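Working notes, beginning with the structure itself.
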C-alpha cells in the first residue's frame, strides 16, 4: 500500500508541496478502510444505539435528551478537530518509527485507540449524564482522527484526481452507517454492550493498515510553525474578506450539514411513532431504519463514485453541488407532505443520490480553496466545524420543531435549508 514515490526518495519539503503524482488504488483502499471504521463508530451510535440507549433510560424525555447528547458531542467535535489538525500540521519526525515519522499517521492511530476505549465504556452507561460525558470524549477523539485522515487528500492527491478519490473516500460515510447498522441490529439484535464493543474494535483495527502501510510525508523541523494557544484560537477565524471562497465553501458545507442533521436526527422515532411500522407493517423501527439506510447507501455509493469521476472530467464542481442539494431538498419535501412508509423509501433514494454526489464534489471543491499548505489539517478542521457544528444547532432547532410542531414542519424546514446550501455555492469564484 504505497504511493508511486516514497518519503525515503523525496525531500521532506513534500509535506508542504502541492502533490503532482497520482495515488495508487492501494493507497485509496487504505484511506477508505480507515474512514469506514471511523464512520461506523461515529454514525451508527448516533442513528441507532444512542436513541435506543436514551429511550431505555427515560422514554418520556427521549427527544430532548437525544438532542442534548448530540449537541454536546458536536460542540466537542467543533473544538477538537482544529486543535488536532493544528498539532498534526506541526508534527515532526521526532519520536516517530518507520512510517509513523510523518505528520498524520501517529495522530490517526492514537485518536482511534482513545475513541475505541471511550466506546467500550459508553456501552455500560445507564444515565443521561454518563452517556453525555462519554459521547463528548468519543466525539473529540473521533474528530481528531478525522482531522488527520481528511488532510491526507490535499497532502497526497493532485487536483485532477481529487474528486475521484474524494468519492471513494466519501463512500464509507454511507457504507459505515449501513454496515454498522447491520452489525448492531441484525448480528447483535440492538444490544448495547456488544454493539458498542464491535464498533470500537473495528474503529481501531481498520485504521491500522493505512497508518502502517502507507507513506506519510515528514515535516522538516525547520518548516514547523511554533504552536501557540493564542494563534490557535485566532485561527478559528479565517477572514471572509481575505479568503472569500473559503468562507463561501464553509457556508455551503454548513447549510448542507444542517439539512442532514435536521432531516435524520429523529428518523428512528419518526418510523416508530409516526408511521407506526410495527403496527402497520409488522417490523420494528430499527429494521425499517436499516432498510432505508441500505437504499440510501446503494444510491450514495453509485453517485459518489460516478459524480466524482464526472466532476474531474468536466472540471465542474458547483453545478453538481447545486443538483445534489436540490435532490436532498426534494426528499425532505416529500416527507413533509407524505408521511408514509413508501414515501420514506422514495425519499431515501433521492437523499442518497443527492448526498452521494455532494460527498465527492464538495470535498474536492473545499480542498481547492484552502488558504495555506502548512495549515491543511487545521483549515480542514475549520471546515469540519461546518460539518459537526450543525449537529448541535440542528438538534437545538429540530427538537422543539418536532416536539411542538410535528415532523412535517421539521422536514419542511430541512428542505429550505438544503435549498439555501444549493444556492450559495455559486458565490465561489475560483472554482468552476
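Could you check segment 299-320 and list, in sequence order, the residues that are within 13 Å of residue 365 (Cα to Cα) and modelled with pLDDT of 80 or more?
Correct list: 317, 318, 319, 320.
Going by the structure shown, is residue 325 crowded, with 24+ Cβ neighbours inside 10 Å, within 30 Å of residue 135 (Cβ to Cβ) and either at pLDDT below 80 or within 20 Å of the chain's Cα centre (by Cα) (or both)?
For residue 325, the condition - crowded, with 24+ Cβ neighbours inside 10 Å, within 30 Å of residue 135 (Cβ to Cβ) and either at pLDDT below 80 or within 20 Å of the chain's Cα centre (by Cα) (or both) - is met.
Inspect all residues belonging to segment 123-141 and state whether any of them is crowded, with 22+ Cβ neighbours inside 10 Å and within 24 Å of residue 23 (Cβ to Cβ).
Checking segment 123-141: not a single residue is crowded, with 22+ Cβ neighbours inside 10 Å and within 24 Å of residue 23 (Cβ to Cβ).
Kindly provide the set of residues from segment 54-70 that are farther than 12 Å from residue 268 by Cβ and surrounded by 21 or more Cβ atoms within 10 Å (Cβ to Cβ), ordered by number.
65, 67, 69, 70
Pull up segment 335-353, narrow it to residues that are part of a helix (DSSP H, G or I) and touching a residue at least 60 places away in the same chain (Cβ under 8 Å), then point me to the one that is nearest to residue 409 (Cα to Cα).
Restricting to residues being part of a helix (DSSP H, G or I) and touching a residue at least 60 places away in the same chain (Cβ under 8 Å), the top hit is 336.
Specify which of the listed residues (113, 149) is surrounded by 19 or more Cβ atoms within 10 Å (Cβ to Cβ) and either under 18 Å from residue 193 (Cβ atoms) or under 19 Å from the mean Cα position of the chain (by Cα) (or both).
Just a single option satisfies the conditions, and that option is 149.
Each row is one residue, and each column tells you yes or no for (1) buried (at least 24 other Cβ atoms within 10 Å of the Cβ); (2) under 22 Å from the mean Cα position of the chain (by Cα); (3) in contact (Cβ under 8 Å) with a residue 40 or more places away in the chain.
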residue: 394; (1), (2), (3): yes, yes, yes
residue: 399; (1), (2), (3): no, yes, yes
residue: 404; (1), (2), (3): no, no, no
residue: 407; (1), (2), (3): no, no, yes
residue: 417; (1), (2), (3): yes, yes, yes
residue: 421; (1), (2), (3): yes, yes, yes
residue: 426; (1), (2), (3): no, no, yes
residue: 429; (1), (2), (3): no, no, yes
residue: 432; (1), (2), (3): no, no, yes
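Go through segment 254-290 and report how many residues are assigned to a helix (DSSP H, G or I) and surrounded by 17 or more Cβ atoms within 10 Å (Cβ to Cβ).
Qualifying residue count, segment 254-290: 25.
Could you grab me the full set of residues in segment 240-298 that are under 20 Å from the mean Cα position of the chain (by Cα), farther than 30 Å from residue 431 by Cα and modelled with pLDDT of 90 or more?
Listed by number, the residues that qualify are 292, 295.
Residues in segment 357-373: is at least one free of Cβ contacts under 8 Å to residues at least 60 places away in the same chain, on the phi < 0 side of the Ramachandran plot, touching a helix residue (DSSP H, G or I) at 6+ places or on another chain (Cβ under 7 Å) and crowded, with 24+ Cβ neighbours inside 10 Å?
yes
Which residue, of 201, 183, is assigned to a helix (DSSP H, G or I), surrounded by fewer than 18 Cβ atoms within 10 Å (Cβ to Cβ) and in contact with a helix residue (DSSP H, G or I) (Cβ under 9 Å, 6 or more places away or on another chain)?
Criteria check complete, one pass: 201.
Go through segment 307-322 and give me each residue that's assigned to a helix (DSSP H, G or I) and surrounded by fewer than 16 Cβ atoms within 10 Å (Cβ to Cβ).
Result: 309, 313, 314, 319.
Residues in segment 217-225: is at least one assigned to a helix (DSSP H, G or I), in contact with a helix residue (DSSP H, G or I) (Cβ under 9 Å, 6 or more places away or on another chain) and surrounded by 19 or more Cβ atoms within 10 Å (Cβ to Cβ)?
No - not one qualifying residue is present in segment 217-225.
The values are calculated or read from the model by the stated rules, or taken from the named source; none is laboratory data. All values reported here derive from a predicted model rather than from experimental measurement. Don't worry about glycine lacking a Cβ; one is built from the backbone with ideal geometry, like all the others, and counts go over all protein chains shown.
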